[in-house]
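Engineer: Supplied in structure tokens, the structure appears directly below.
The values are calculated or read from the model by the stated rules, or taken from the named source; none is laboratory data. The structure displayed is predicted, hence computed values, not measured ones. Here the Cβ positions follow ideal geometry from the backbone for every residue, glycine too, while neighbour counts run over all protein chains shown. Note: areas computed on protein heavy atoms with side chains; ligands, DNA, RNA excluded. Shrake-Rupley method; radii C 1.70, N 1.55, O 1.52, S 1.80 Å.
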Amino acid sequence: MTGKPVRAPRADARRNRTSVLRAAAEMFATEGLSVPVHEIARRAGVGTGTVSRHFPTKEALFAAVLLDRMALLTARADVLTATEDPGTAFFTFFAALVHEGADHRGLAESLAGVGFDIESAAIDAGSDVSGRLHAMLKAAQRAGAVRGGITFADVKALMSGCLAREVAPGDAGARDRVITVVCDGLRTR
């Protein structure tokens, strides 16, 4: 069976794709998942047809932007699991996810279950952030570091609460104080 050789994308197509990804990453981070595709296209300096040729759906565009970020987070979870005791690993990763969510609104929304089902794509790509956090919670509970009655749904709700904390200018430690209170409440007494 013979097939046509696959040609590399043209230079302008590669530049357009890079521009779309850059614009989408910035906009998803600052504005969340509700940003319209036409606005991403405008910011990238291309038409909506160009965006659609590279990413047939908004979910595909969002997945392309976030899968790399989620791969980094799962790698961090794996390192923490391998190098720290279960309680330290869980609490460190919990805080890291809150900070990452604060820095990237679209990621926070997707991990909270709002908008797209990015987690399915992440699982398929081996970047199951929620699965890692859930496993870390169970390990921390078995080790006696986290109270036994806490569920994964509780952890996700507490994470959302930490993210809801408005940080006033000049009060860089505000979110860390909330994370500390939440983590103290999760610890076994």
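Engineer: Looking at Leu137 and the list (1) on the phi > 0 side of the Ramachandran plot; (2) at pLDDT 70 or above, which single condition is not satisfied?
Structural biologist: (1)
Engineer: Ok, one more. Just to verify a result, which residue in the range 91-109, among those that are surrounded by fewer than 20 Cβ atoms within 10 Å (Cβ to Cβ) and of a type in the set (A, V, I, L, M, F, W, C), is modelled with the lowest pLDDT?
Structural biologist: Ala102
Engineer: While we're here: Is one or more of the residues making up the range 49-71 open to solvent by 40 Å² or more (accessible area, probe 1.4 Å), outside any helix (DSSP H, G or I) and farther than 30 Å from Gly131 by Cβ?
Structural biologist: no
Engineer: Among the listed residues Thr18, Thr30, Thr88, which satisfies the condition of being over 30 Å from Met136 (Cβ atoms) and surrounded by fewer than 17 Cβ atoms within 10 Å (Cβ to Cβ)?
Structural biologist: Checking each option against the conditions leaves just Thr18.
Engineer: Pairs only if they're at least six apart or on different chains, beta carbon under 8 angstrom, first in the range 151-175 and over 14 Å from Ala96 (Cα atoms), second open to solvent by 50 Å² or more (accessible area, probe 1.4 Å) and small (Gly, Ala, Ser); list them, first residue then second.
Structural biologist: Taking only residues 6 or more apart or on different chains, the pairs are Ala174/Ala168.
Engineer: Can you pull out the residues in the range 33-60 that are in contact with a Phe, Trp or Tyr (Cβ under 9 Å, 6 or more places away or on another chain) and within 30 Å of Met136 (Cβ to Cβ)?
Structural biologist: Leu33, Glu59
Engineer: Okay, moving on. With respect to the numbered conditions (1) within 14 Å of Leu21 (Cα to Cα); (2) outside any helix (DSSP H, G or I), which one is the sole condition not fulfilled by Ser34?
Structural biologist: Of the numbered conditions (1) within 14 Å of Leu21 (Cα to Cα); (2) outside any helix (DSSP H, G or I), the odd one out for Ser34 is (1).
Engineer: When the range 2-15 is examined, which residues are found to be of a type in the set (A, V, I, L, M, F, W, C) and either at pLDDT 80 or above or open to solvent by less than 50 Å² (accessible area, probe 1.4 Å) (or both)?
Structural biologist: Those that are of a type in the set (A, V, I, L, M, F, W, C) and either at pLDDT 80 or above or open to solvent by less than 50 Å² (accessible area, probe 1.4 Å) (or both): Ala11, Ala13.
Engineer: Still on this structure: Out of (1) free of Cβ contacts under 8 Å to residues at least 24 places away in the same chain; (2) open to solvent by less than 50 Å² (accessible area, probe 1.4 Å); (3) over 19 Å from Leu67 (Cβ atoms), the odd one out for Pro36 is which?
Structural biologist: Among (1) free of Cβ contacts under 8 Å to residues at least 24 places away in the same chain; (2) open to solvent by less than 50 Å² (accessible area, probe 1.4 Å); (3) over 19 Å from Leu67 (Cβ atoms), the lone unmet condition for Pro36 is (2).
Engineer: Mind checking which residues of the range 53-75 are among the hydroxyl-bearing types (Ser, Thr, Tyr) and either without any contact (Cβ under 8 Å) to a residue 12 or more places away in the chain or within 15 Å of Ala29 (Cβ to Cβ) (or both)? Walk me through it before giving the result.
Structural biologist: Filtering the range 53-75 down to residues among the hydroxyl-bearing types (Ser, Thr, Tyr) leaves 57, 74.
If the condition is that a residue be among the hydroxyl-bearing types (Ser, Thr, Tyr) and either without any contact (Cβ under 8 Å) to a residue 12 or more places away in the chain or within 15 Å of Ala29 (Cβ to Cβ) (or both), then Thr57 is the only one that fits.
Engineer: Tell me which residues, restricted to the range 53-84, are at pLDDT 90 or above and hydroxyl-bearing (Ser, Thr, Tyr).
Structural biologist: Residues satisfying the conditions are Thr74, Thr81, Thr83.
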